[in-house]
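Okay, so here's the structure we're looking at.
The values are calculated or read from the model by the stated rules, or taken from the named source; none is laboratory data. Treat the numbers as computed from the prediction; the structure is a model and nothing was measured. Cβ sites come from the backbone with ideal geometry, for glycine too, and all protein chains shown count toward neighbours. For the accessible areas, the whole protein counts, side chains as well, though only heavy atoms, and no ligand, DNA or RNA atoms are used. Shrake-Rupley method; radii C 1.70, N 1.55, O 1.52, S 1.80 Å.
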Amino acid sequence: MSGNVRSNDDTLVARRLAARFEARSTSREPEGLLDAAMARVATTRQRPRWLVSERWLPMTTLTLRVRPVIRTGWLLAILVVIVALLLALIVGGGRHGLPSNGRILFGQGGDIWQLNADGTTTDLTPDTTVETSIVWAADGRRAGFFSATSDGAQLALLEGNAPAKIVPTSVRFHPTFKDAEVMSWSPDGNRVVFGSTPSGDPTPGPSRLWIVNVDTGQTNQLPLGDLVAADTPTWSRDGSTIAFRGQVDELPNPTHALYTITPTGSGLTRLTPTLADQYDAVAIGPPVWSMDGSTIYFDAANTLGQDTRFRLYSVNVTTHVVTQLRTDPANPYAVSLSPDGAWLAFTNWDGPTETSSLWVMHPDGTGQRQLADHSVSMSDQWSPDGQWILYEGQPIAGHDNSLYEIHPDGSGLKVLLNAPSPSSGNPRAGLSWQAVP
Amino acid sequence: VQRELVERAQRGDRDAFSTLAAASIARLYNLAQLMLGDADRAEDAVQETLVAAWRDLRGLRDPDRYEAWIHRILVRSVYREGRRGRRSTTADHEPAGHYWAGATIRSGTAEVEDRDELDRCFLRLTSEHRAVLVLRHYVGLPDGEAADLLGIPAGTFKSRLNRATAALRAELDADARRGLAIDPGAVR
């Protein structure tokens, strides 16, 4: 389908785009558009000059003009700012939930950003490559991400306050920037596993699983037997096993199931039956290991015609018994476990209102509670101490894509980042919160 | 003539502004629909642009720069519409994400598939990335003018253009991969 389109040649992409734009361009606006706009203009008052916040200022000739008389409007504005600052100090001056040694990193606009304790952000990768999918190692010593150029994506690391460095792997990967390619760290913080495919293939193949030693760059592909493809690998907490989604059958009827394998590539085991007969059968979010490694929580989608339904399940790693987790909302997916194992957070998708909401419950199904009514899918992250859930607001009216934090009991809602688009828009490519040494 | 119209509009002359709007609305709409890929949202963006332009026209210090000024407002309106639009995009793609976003019913010819794929991948980009691609590859603005229009430094425009191109190429690559993993005929 797309081999004739795919090209690593920027010029070819540009030429195709230009031709497509030309074909889609129009010389006429829709009938009635001008009238509709002017009808709104007729009911709109012009702002006085001093109140217009976005004056046209040529970027290269910005000049400071001192007015002889400070106008009333400016005085009022200054007063409002002072009062707001005082109120902020009185009402909102308390510390937010960010631990003193914690760091929140996120990918956005092709860079990796750090959310500082004072609410500001710092671009940690201010270059022309595209960085994405940032994930902290469990010990907080370093974080991994993908750095992409036209030659493909490479694994890269952030350690301490040092500049990012590329891991010298022998393989470059396709820069697909998707959640399925998010890496999982080994508990010792020395290796990562992720699903991807080499960038050198003329036609990119199905995703395979790769383990990279981040210190040496040694790259191993896990043997998947007869599986067609695999992605969303997650390392168990003791480091002995990796759970992942495997594609069982070839086209035209691909099915999926949950699998485990050891990091050395032995013991490939199928844990679940095929849970749906469509291509999006299992694991929208990555599988989640319980604290003791006996259980894996995961989501699965049953696509019934156009009506996709999501469900949360657990599977016993030893007995392979699959149990559906009963949830109050009807369409749960993207489950995550709090660091102490006490809470499961998940997202619920409400089709009619086109919103997703953030929920928590205990693993036994009790204590179900909706925490936020407009959260972005799969964005929630637990704080290292388990006291907070970090989530991104859905970018709709009144719920821009600010970063929020809230206690799992529903209290303490705070805005951590009010202007979260440092350069260019959402969605965020990775969001990771970890305590650092 | 345009300067005079702008100055009259700045003094509250709605007829003058209507003349200005009539002269530019087709161009504004064309850019908006290219950037948004959606006729309805493009109409909304253009309406928002004209209302905002009228509301804030008195803040325009140099009437000769009206065209560039209103295009900057348009781009911001497109960003807002794009962000708002992600909500409806989410309805189709977000919960299951990219997995079925790539599914399409085969259109019969390679040319049509090629076109559909390019459109689909382009629309998965952020509004900011789509804007720089349209300004460069359709309008053909040089770096400095495009950056001026977007209200960003020229260096930022260059890097954003690089990223947008890389992101589009990545989407095309990803689409190619999905094409192998997804049976288009299975879409009901």
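Charge tally for B:L5 (other residues, Cβ to Cβ under 10 Å; Lys, Arg +1; Asp, Glu -1): -2. Derived from the Cα gyration tensor, the three semi-axes of the equivalent ellipsoid of segment A:308-376 are 22, 15, 9 Å, largest first. Ordered by 1.4 Å accessible area with all protein chains kept, A:W343, B:W54 run largest first as A:W343, B:W54.
Here's how it looks for A:W388: its modeled amide H is under 5 Å from those of A:S383, which are all 5 or more places away or on a different chain.
Estimated at the nearest 10 Å², the accessible area of A:S336 is 20 Å² with a 1.4 Å probe.
Show me you know the interface measure: the accessible area buried between A and B, both chains summed, probe 1.4 Å, in Å² to the nearest 100. Don't skip to the answer; put the middle values down first.
On the way: alone 23800 and 11220 Å², together 26050 Å².
Interface area, both chains combined: 9000 Å², rounded to the nearest 100.
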